[in-house]
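**Q** Attaching a single structure in structure tokens format; questions to follow.
Read the figures in this text as sums done on the coordinates, not as results from a lab. Because the structure is predicted, anything quoted here is derived from the model rather than measured. Reconstructed Cβ throughout: ideal geometry from the backbone, glycine too, with neighbour counts over all protein chains shown.
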Amino acid sequence: MLNVDSIRKQFQATVAVDGISFQVEPGDIYGFLGPNGAGKTTTIRMLMSILKPDSGSIHLDGKDIARVSRNQFGYLPEERGLYQKVKLGDALKYLAQLKGLSPAESGRVVQQWLERFELADYMQKNIRELSKGNQQKVQFIATLIHSPRLIILDEPFTGLDPINQILMKDIIKEASDRGAAILFSTHQMEQVERLCNRICLINKGKIIVEGDINEIKARHGRRNVDILFEGELDESELDTYLEDIHLEKKRLRGSLISSSKALLRWISDRVDIQSYSITPPSLEEIFIAEVQASREGGEA
Amino acid sequence: MIAQIIKWEFIQRVKSKLFLFTAIVIPLFILAAMILPSLLLSSESTKSTLIGLVDQSSGIGNDFVAQLTQDYRLKSGEPEFSVQIEEDPEPLKQALLNKDIDAYVVIPDSILDTGLASLYVRSASNFKTTDALRRSLNKVVLNRRLQKYHLDPEVVKEVTSRVQLRSYQLSGEGEANESNEMVDFFIPFISMMILYMTILFSSQILLRSVIEERSSRMIEILLSSVTPSQLMNGKILGLGLLGLTQLFFYLGVGYVVALYNGIESIRPQFLLTMFLFFVSGFLFYAAIFAALGSIFDSEQEAQQISGMVSLVMVVPIVLSTYFITNPTAIATRILTFLPPITPFLIVLRSGTSSIDLWEQIVAFVLMLLSIWGVMKISGKVFQTSILMYGKRVTLPEILRWIRA
């Protein structure tokens, strides 16, 4: 559906995006990750054809993105705000009409969405009278009001309370169920792990990791062991099996560098194992490890 | 899409208090200020005014009362002034302080020689009464002096009657219109002021509107729906309509004022000139202000440069006396073709009927060309800088965008 092919964007001396390619299919919730200044916002602006790539191409359903009607896009920018001195209902209707809805239609959908978000009472109020959290809900409505096919959410959850986060997640999932492609950019890794099926991690304008979230975890060598035991354990020989060793009185944590079998055999000879678990790395660990690796690679 | 932007910008602003104030309240206020005083002054009083008189001369007082009664009458035909004559000023003084009379006059014996008499009032501001008393007394004294030299008042009046120089203004078609110097100066000046106020007002609103969308971070949401050029053009057209609405109000009020003063000043060609040069002047400045709005993060930051741009618009106002009194001087003619001030000079000069049609056409074409140029440059600047925040854009950078 969305096909990004080696796009590049340079601002004077700095290369913001350096040959990024990926695909997002209908129903995908695609995590787009990277540290500050990695080129996320520039990439997103190119996807929205707010910026034009210097080279490479972006296609939606085989059509060049610059020629696709913007009515198909729903975009929640990271730096976002609303008119302050305007009535809530008027502002949302205007935004809906800019996306091609008729005045009558826009009135109807604005009413529906405000009811769903329990904001219908504020319809005639100035936006600046709304709380910050409510303003965020309104921005969310503005992004989705015209049922776009390509939805781009840049840090959608910052500043939202847990209850509204759940509401937003439900709505994102609904959009995915109706076949929209969703690109979800954030620093909050646990959100990505819960919501996304595929991710792309970029740094310094380049892709570091891309693909199915479970495959990435499996592919990533690091496995974390967490052992609870009874007895005395000597740290000296552990480093043949583990790194990042944290040894407490009755607990051992670390990341495997040998086979799990070897470690188990070695430990069970010495202490009484109470519990033993191996967990795949969290996205956060992958994120940090990969960014650090790419930094070291870059400096070497 | 652009239709929605035009409609939005127009409706949001036309509802605003600022617009209501500048477009409707101010002209109505000016209207009231111009019409009310003369309305009040010309409304004749229905009650006669009681005044006192102390006559220390030989019978001038009686003549004065007769003259006053003859010259000033109420609508009902009754004398406007009724006069209480006393030997001594003292009772009149009391009566004045008790508000029984409005004024009293003391005519000294020496009046024929010195030409001096005294008027006592509670407040010195009743211009109408003072004027009436002075005129009547003057007539009486004049007649007495003429009698003294055995001169016939009728003859003297004929001998001293003044020469009148009546001016006629010849228009292109050879018609002669009686001209009026005040009107000749004020009509062009006021027309130019109207143009200045409407263009400045709507382009300032445009600047504010762009800055508001930037500072509220609304802009990126909008740009996922429309292109920067759609946004800029929609705003310019929407606020242009706002300016036209205001122009319409101002001209309406101007028309009423002119009619009230008996000036048939607004010709259809002149209205067309106003319209065309409002539109072209607005587009010229709107393009500049839209680009300025896209560069700055807040109104305060934009103020300095927008103030400088507005200063250019003030030049024709500062020099208007020169332009109106020298409408065909070389300097005036040349400055007419300088695009930033063309609209103002055209309106000023066509108000003095001192401009040829070819000059208007050439000036308009020049305007259109410069609008095209300014729009192109501003479009580039707007498109590039609209999403840049917190970074002061430098002139070399802007020049690079324009060349790109």
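**Q** At R0 = 45 Å, how high is the FRET efficiency between A:Gln23 and B:Leu399 if r is their beta carbon distance? Nearest 0.05 is fine.
**A** Once the sixth-power term is evaluated, E becomes 0.65.
**Q** Okay, moving on. So if we plug the beta-carbon distance of B:Arg144 and B:Asn261 into 1/(1 + (r/R0)^6) with R0 = 45 Å, what FRET efficiency do we get, rounded to 0.05?
**A** Computed FRET efficiency for B:Arg144 and B:Asn261 comes out at 0.65.
**Q** Still on this model: How far is helix A:88-98 tilted, in degrees, relative to the longest principal axis of the Cα atoms in chain A, given as a value from 0 to 90 rounded to the nearest 10?
**A** That helix lies at roughly 90 degrees to the long axis.
**Q** Something else: 222 nm [θ] for chain B, helices only, -39500 (n - 2.57) per DSSP H run of 4+, per residue, to 500?
**A** Calculated at 222 nm, the ellipticity per residue is -22000 deg cm²/dmol.
**Q** Across the Cα atoms of segment A:1-125, what radius of gyration and what greatest pairwise Cα-Cα distance (Dmax) are found, in Å?
**A** 17.6, 51
**Q** With N set to the number of residues, divide the alpha-carbon radius of gyration of segment B:340-395 by 2.2 N^0.38 Å and report two decimals.
**A** Ratio of Cα Rg to 2.2 N^0.38 Å: 1.69.
**Q** So how do A:70-83, B:328-341 stack up, highest first, on mean other-Cβ count within 10 Å?
**A** So the order, starting with the most tightly packed, is A:70-83, B:328-341.
**Q** What does the average come to when, for each residue of peptide B:208-217, you count the partner chain Cβ atoms lying within 10 Å of its Cβ?
**A** Partner Cβ neighbours, averaged per residue: 3.
**Q** While we're here: Counting only DSSP beta bridges with both residues in the protein assembly as shown, tell me the antiparallel percent, nearest 5.
**A** Of those bridges, close to 60 percent are antiparallel.
**Q** May I ask you to list the trypsin sites (Lys or Arg not before Pro) in segment B:352-404 that are in a DSSP loop and have at most 12 other Cβ atoms within 10 Å of their Cβ?
**A** B:Lys391, B:Arg392
**Q** Which of B:Tyr104, B:Tyr389, B:Tyr196 ends up with the largest GNM mean-square fluctuation for chain B, with Cα atoms connected below 10 Å?
**A** Ranking B:Tyr104, B:Tyr389, B:Tyr196 by mean-square fluctuation puts B:Tyr104 first.
**Q** Quick one: give the max-minus-min coordinate of the C-alpha atoms of segment A:115-171 along each principal axis, largest first, in Å.
**A** Here the Cα extents, ordered largest to smallest, are 30, 25, 18 Å.
**Q** Continuing with this model, one more query. What are the radius of gyration and Dmax of segment B:270-404, computed over its Cα atoms and given in Å?
**A** Expressed in Å, the Cα Rg and Dmax of segment B:270-404 come to 16.9, 51.
**Q** Placing unit charges on C-beta atoms (Lys and Arg positive, Asp and Glu negative, everything else neutral), compute the dipole magnitude of the protein assembly as shown about its Cα centre in debye, rounded to 20.
**A** Using Cβ point charges on Lys, Arg, Asp and Glu, the protein assembly as shown gives about 1220 debye.
**Q** About its Cα centre, what dipole magnitude does segment A:2-212 give when the only charges are +1 on Lys and Arg Cβ and -1 on Asp and Glu Cβ, stated in debye to the nearest 20?
**A** It comes to approximately 660 debye.
**Q** Further question: Over chain B, consider all pairs of different Cα atoms and compute the Kirkwood hydrodynamic radius from their mean reciprocal separation; express it in Å, one decimal.
**A** That comes to 26.4 Å for chain B.
**Q** Please compute the modelled spin-label separation between B:Lys128 and B:Leu74, points set 7 Å along Cα→Cβ, answer in nm with one decimal.
**A** Between B:Leu74 and B:Lys128, the label points sit 1.2 nm apart.
**Q** Follow-up. Across peptide A:87-99, what mean number of C-beta atoms from other chains lies inside 10 Å of a residue's C-beta?
**A** 4
**Q** Over all distinct Cα pairs, what is the inverse of the mean 1/r for segment A:68-192, reported as the Kirkwood hydrodynamic radius in Å?
**A** 14.7
**Q** While we're on this one: Find, among the trypsin sites (Lys or Arg not before Pro) in segment A:217-285, those assigned to loop by DSSP (not H, G, I, E, B) with at most 11 other beta-carbon atoms within 10 angstrom.
**A** Answer by residue number: A:Lys249.
**Q** Moving on to the next point. Calculate how steeply helix A:162-177 sits against the longest principal axis of the alpha-carbon atoms of chain A, using the helix alpha-carbon long axis, and give the answer as 0 to 90 degrees to the nearest 10.
**A** It is inclined by approximately 80 degrees.
**Q** Are there any GluC sites (Glu not before Pro) in segment A:227-300 that are in a DSSP loop and have at most 15 other Cβ atoms within 10 Å? List them by number.
**A** Filter output for segment A:227-300: A:Glu232, A:Glu248.
**Q** Shifting gears a bit: Using the structure shown, list the pairs from A:Lys99/B:Lys380; A:Lys99/B:Lys7; A:Lys9/A:Lys206; A:Lys87/B:Lys17; A:Lys9/A:Lys204; A:Lys169/A:Lys206 with a Cα-Cα distance above 18 Å, or answer none.
**A** Beyond 18 Å between Cα atoms: A:Lys99/B:Lys380; A:Lys169/A:Lys206.
**Q** Roughly what percent of Cα-Cα pairs across segment A:221-279 reach past 16 Å?
**A** 31
**Q** Between B:Ser310, B:Ser320, B:Ser118, where does the largest GNM mean-square fluctuation fall for chain B, given springs only between Cα atoms within less than 10 Å?
**A** B:Ser118
**Q** With no solvent and one equal point scatterer per Cα, compute the Debye intensity ratio I(q)/I(0) for chain A at 0.08, 0.16 Å⁻¹ and report its log10, rounded to two decimals.
**A** -0.47, -1.23
**Q** Now a separate question. Would you mind telling me which residue in A:Ile208, A:Ile172, A:Ile273 has the biggest mean-square fluctuation in a Gaussian network model of chain A, where springs connect alpha carbons within a distance under 10 angstrom?
**A** Residue with maximal mean-square fluctuation among A:Ile208, A:Ile172, A:Ile273: A:Ile273.
**Q** Something else about it: If you put +1 on each Lys and Arg Cβ and -1 on each Asp and Glu Cβ, how big is the dipole of segment B:179-403 around its Cα centre, in Debye rounded to 20?
**A** 640
**Q** Any idea what % of Cα-Cα pairs in segment A:188-300 are farther than 18 Å?
**A** Distances greater than 18 Å cover 57 percent of the Cα pairs.
**Q** Using the Karplus equation 6.51 cos²θ - 1.76 cosθ + 1.60 (θ = phi - 60°), what ³J(HN,Hα) coupling, rounded to whole Hz, does each residue of segment B:198-210 give in order, writing x for Gly and Pro?
**A** 5, 5, 5, 4, 6, 7, 5, 4, 4, 4, 5, 5, 5
**Q** Mind checking the full-extension length gain between A:Asp161 and A:Asp239? Use 0.36 nm per residue of separation minus the Cα-Cα distance, one decimal, nm.
**A** 23.7 nm
**Q** Once Rh for segment B:179-403 is found with the Kirkwood sum over Cα pairs, what is the Stokes-Einstein diffusion coefficient at 10 °C and 1.306 mPa s, in µm²/s?
**A** Answer, rounded: 86 µm²/s.
**Q** Just need log10 I(q)/I(0) for the protein assembly as shown at q = 0.05, 0.07, 0.10, 0.11 Å⁻¹, Debye formula, equal scatterers on the alpha-carbon atoms, no solvent, rounded to two decimals.
**A** The computed values of log10 I(q)/I(0) come out as -0.48, -0.72, -1.05, -1.16.
**Q** Per residue of A:73-81, count partner chain C-beta atoms within 10 Å of its C-beta, then hand back the mean as an integer.
**A** 5
**Q** I've got another one for you. Enumerate the calculated ³J(HN,Hα) couplings along segment A:138-145 in order (Karplus 6.51 cos²θ - 1.76 cosθ + 1.60, θ = phi - 60°), each rounded to whole Hz, writing x wherever the residue is Gly or Pro.
**A** 5, 4, 5, 4, 4, 6, 10, 4
**Q** Could you give me the percent of Cα pairs per 10 Å distance bin for segment B:49-156, shortest bin first, beginning at zero and ending with the bin that holds the maximum distance?
**A** That works out to 14, 46, 32, 8, 1, in percent per bin.
**Q** Roughly how many nanometres apart are two label points built 7 Å out from the Cα toward the Cβ at B:Lys99 and B:Gln303?
**A** Here the modelled spin labels are 4.9 nm apart.
**Q** Just tell me which lysines come within less than 23 Å, Cα to Cα, of B:Lys148; anything on the same chain fewer than 8 places away is out.
**A** In chain and number order, the partners are B:Lys139, B:Lys157.
**Q** Now for a separate question. Quick one: the Cα spread of segment A:145-227 along its three principal axes, in angstroms, biggest first?
**A** Extents along the principal axes, in whole Å: 46, 32, 25.
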